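Since the structure comes first, as structure tokens, the remarks are kept for the end.
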Amino acid sequence: MELLPRSPGEFGSAQYWDRFFRQRGQRAFEWYGAFPELCPVLHKYVRPRDKVLVVGCGNSELSEQMYDVGMCEDIVNIDISDAVIRQMQERSGSKRPKMSYLLMDMLQMDFPDAHFQVVLDKGTLDALLTDEEEATLAKVDQMFAEISRVLQVGGRYLCVSLAQAHVLKKAVEYFSQEGWVVRVHQVAGSGDKQQFVLPVFVYVMTKFRKISGSAPGILEICPEEQDKPMRVESVERLLAAVKDRQHYALLCSQLSKTPCREQVSLDLCDKESGKPRYTLHVVDSPSVKPSRDNHFAIFIVPQGRETEWLFGTEEGRRQLASSAGFRRLVTVALHREQHYEGMAGIQEELSGKVMELAPPGLPARQQVPFLSVGGDIGVRTVRHRDSSALSGEYVVEDVKGEGTCYFRRLVFLRNRNVVQSEARLLSPTALPGQKKRRKEKKPSPSEPPAAIDKSYLCCEHHKAMVAGLCLLGGPDPLPGALLAVLVVGLGGGSLPLFIHDYFSQARVAVVEIDPSMLEVATRWFGFSQGNRMQVHISDGLDYVAELAAEGPAQYDAIMFDVDSKDLTVGMSCPPPAFVEKPFLQKVKTILKPEGVFVLNLVCRDTGLKESVLATLRGVFPLLYTRHIEGEVNEILFCQPSPEGRRDPAELGARARALEGALRQPGRPWDSSYVLADMLQAVRIL
């Protein structure tokens with residue numbers, strides 16, 4: 001029995017629908033959206049005394065169910081199919097005397113103006129608007145005009161739809177321009193009983209009297225999990241919000257049927273602000289042997305630790321899932337400037353949503369464990385938030401690390417999962433959220449920073465860069481030698497501060513393009529200038545070019561730790577102009593013959609990385625490389641003369657000698673920082 005139309009245009013044909021319903025018989029046909037799913041939304045907008053018009057009623061049971069539960073009785077149903085109208089009159093006539101079925105074309109209705117309080121459409125607009133041809137759009141305009149005519153001011157047009165982009169856009173634009181309030185509800189699904197993977201929506205268009213020259217109507221969306229609507233600024237934003245929910249439904253459907261080969265990530269947004277509140281990563285481990293209790297678990301990443309390798313990289317999360325012993329693990333990262341009510345509050349908030357991401361084969365009613373490090377959600381305190389013309393929005397925040405360690409971080413929000421600068425705090429008890437001594441004053445974000453541990457280099461690439469100073473020659477003990485060091489890129493100032501404090505005769509010049517970063521480093525990271533430490537606010541390209549023009553051989557060591565502002569390039573450090581051959585020639589010009597140029601390279605594009613290395617080899621005859629384990633960073637040590645080449649044994653000996661000289665009595669030293677370890681994995685290119 002062939003029920004499908006030969007062409008989309010037949011959806012508007014009375015002959016097609018007569019044939020359809022004669023062949024289908026008495027069995028009710030529901031496009032989508034069963035009454036139990038639609039009922040919560042319909043109850044909001046249909047009152048018992050309303051006069052309701054149902055357009056394109058077919059033989060759906062929706063009107064009958066509304067009547068039977070007492071939602072409304074004065075219901076008029078119309079359809080262009082004579083066969084279905086006679087069928088429905090016979091089925092409902094004696095049982096529901098106040099409800100009627102009429103043969104009528106919704107494009108040319110016989111009702112007087114302002115006759116109804118509600119017009120209900122379940123799938124009719126979707127069936128009519130099958131394409132965007134001129135003739136189809138003209139019919140839709142006629143449909144909307146007729147609905148508008150028969151509705152009273154304050155009346156509601158309720159349209160149940162799958163919200164295809166062109167359908168939603170047409171409806172929203174038309175009624176918004178008429179000055180109506182447009183609200184889109186997502187209908188709660190019915191689990192395994194749901195016929196369609198795509199979610200069902202109800203457009204609620206409320207009629208207002210049109211005033212000449214008035215602004216378009218209000219636009220709102222109401223997700224299924226909340227009653228309070230969210231206002232959106234434009235039709236485009238509303239369409240995007242609906243599209244996000246459709247993609248999420250497709251994703252959940254896919255995850256419920258098959259394991260995911262690649263990690264899936266998504267954001268769950270705050271109901272009030274619409275800003276991301278949780279970032280979820282779904283990680284499947286097919287190699288884990290299945291058992292009754294290891295199908296599914298949720299792992300809450302402590303606040304501030306989402307950038308660590310174990311939680312912030314695909315490989316790290318894969319290792320975490322495997323070691324946790326679950327076939328599917330969902331990691332949950334918490335966003336800054338969001339308030340959380342502890343682990344129990346997060347579990348209550350997420351329990352329903354994460355179950356939508358459950359794997360296939362999860363036993364019914366099985367309890368899903370919530371895991372974390374140490375059983376808490378960590379501590380994050382935003383100390384300072386601002387915006388820079390060059391760096392964009394940024395935050396300074398204090399976070400709890402492992403054990404009793406606390407750290408201060410600088411994060412550029414354009415790349416919020418990358419820590420720009422980090423320093424260890426000496427006074428962790430000053431952080432809000434921790435137990436205080438009785439008379440201890442709780443600091444506010446506007447107070448001066450807690451003491452910074454300047455002896456501790458948090459960033460592994462900074463440790464490697466300092467270790468590169470072992471390549472410098474000369475008979476004098478390096479810590480006491482007269483060194484001229486140029487650092488391009490200030491950040492929080494940890495790298496130049498360490499060199500200044502531990503190399504007592506070093507004169508350090510720092511070049512920073514963004515004046516805001518000097519203010520941040522000084523106020524929040526304990527940075528200060530003096531006779532041996534000077535900051536120059538300038539573009540590093542211009543500063544080096546000016547030095548090269550003045551004369552050669554000025555610096556023992558030059559260090560580049562500069563981030564790129566252009567996130568479209570596959571290299572986030574340094575900007576491409578810093579590794580072009582003409583500029584590198586200028587760097588070589590101002591570097592002493594026995595000096596060392598140290599470059600922090602962060603490049604995910606393999607081809608681009610090989611090109612950068614080839615350019616460096618063309619300028620510097622001697623090139624060492626040190627990959628930072630668990631990170632993309634690669635530290636390059638470049639020397640202008642091949643005669644300075646040292647084998648690994650000599651490098652190790654020099655590193656041990658330098659570390660011994662740096663470890664002076666009474667001077668703090670991080671015991672985990674072993675210079676020889678930093679140079680152990682160095683390769684000569």
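The values are calculated or read from the model by the stated rules, or taken from the named source; none is laboratory data. If you're wondering where the values come from, they're calculated on a predicted model, not measured in any experiment. Ideal geometry is used to build each Cβ from the backbone, glycine not excepted, and the neighbour counts take in all protein chains shown. Surface accessibility is based on the protein's heavy atoms, side chains included, excluding ligands, DNA and RNA. Shrake-Rupley method; radii C 1.70, N 1.55, O 1.52, S 1.80 Å.
Numbers below:
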| quantity | calculated |
| --- | --- |
| Pairs of alpha carbons in the range 184-325 whose separation is greater than 26 Å (percent) | 43 percent |
| Residues whose placed amide H lies under 5 Å from that of G401, excluding near-sequence neighbours | Y406, F407 |
| Probe 1.4 Å, accessible area per residue of the range 460-684, Å² | 41 Å² |
| Approximate spin-label separation Q89-R47, in nm, with each point projected 7 Å along Cα-to-Cβ | 3.2 nm |
| Debye log10 I(q)/I(0) for the range 258-371, one point scatterer per Cα, at q = 0.15 Å⁻¹ | -0.63 |
| Charge-dipole axis of the chain as Lys and Arg at +1 and Asp and Glu at -1 on Cβ define it, positive-most pick from L128, L413, F144 | L413 |
| Estimated inter-spin distance, V264 and E643, nm [label 7 Å along Cα→Cβ] | 6.4 nm |
| Percent antiparallel among DSSP beta bridges (both partners in the range 460-684, rounded to 5) | 45 percent |
| Within the accessible area of the chain (1.4 Å probe), percent carbon and sulfur | 50 percent |
| Share antiparallel - DSSP beta bridges, the chain, percent rounded to 5 | 55 percent |
| Label-zone membership for the range 626-662, site D501, 7 angstrom Cα→C-beta point, backbone N under 11 Å | none |
| Gain upon complete extension [R683, K228; 0.36 nm per residue less C-alpha separation] | 157.8 nm |
| Theoretical FRET efficiency, 1/(1+(r/R0)^6), r = Cβ-Cβ of A114 and H247, R0 45 Å, to 0.05 | 0.65 |
| Translational diffusion coefficient (Stokes-Einstein; Kirkwood radius from C-alpha pairs) of the range 460-684 at 10 °C, 1.306 mPa s, in µm²/s | 90 µm²/s |
| E519 versus E348: modelled label distance in nm, points set 7 Å from Cα along the beta carbon direction | 4.1 nm |
| Sequence-distant residues sharing a close amide H with A553 (under 5 Å, placed H) | I590, L591 |
| Point-charge dipole on Cβ atoms (K/R +1, D/E -1) for the chain, about Cα centre, debye to 20 | 1700 debye |
| Extension reserve of the E402-A364 stretch, reckoned as 0.36 nm per residue once the Cα distance is removed | 10.0 nm |
| Computed over the chain: relative contact order in percent, which uses C-alpha pairs under 8 Å that are six or more apart | 6 percent |
| Signed unit charges on C-beta, dipole axis of the range 258-371, positive-most listed residue S287, L334, C269 | S287 |
| FRET efficiency, E134 to S538 (Cβ-Cβ, R0 60 Å, nearest 0.05) | 0.50 |
| Using a Förster distance of 22 Å, the FRET efficiency for S372-N294 (Cβ separation, nearest 0.05) | 0.80 |
| Spherically averaged projected area of the chain from its Cα convex hull (nm²) | 40.3 nm² |
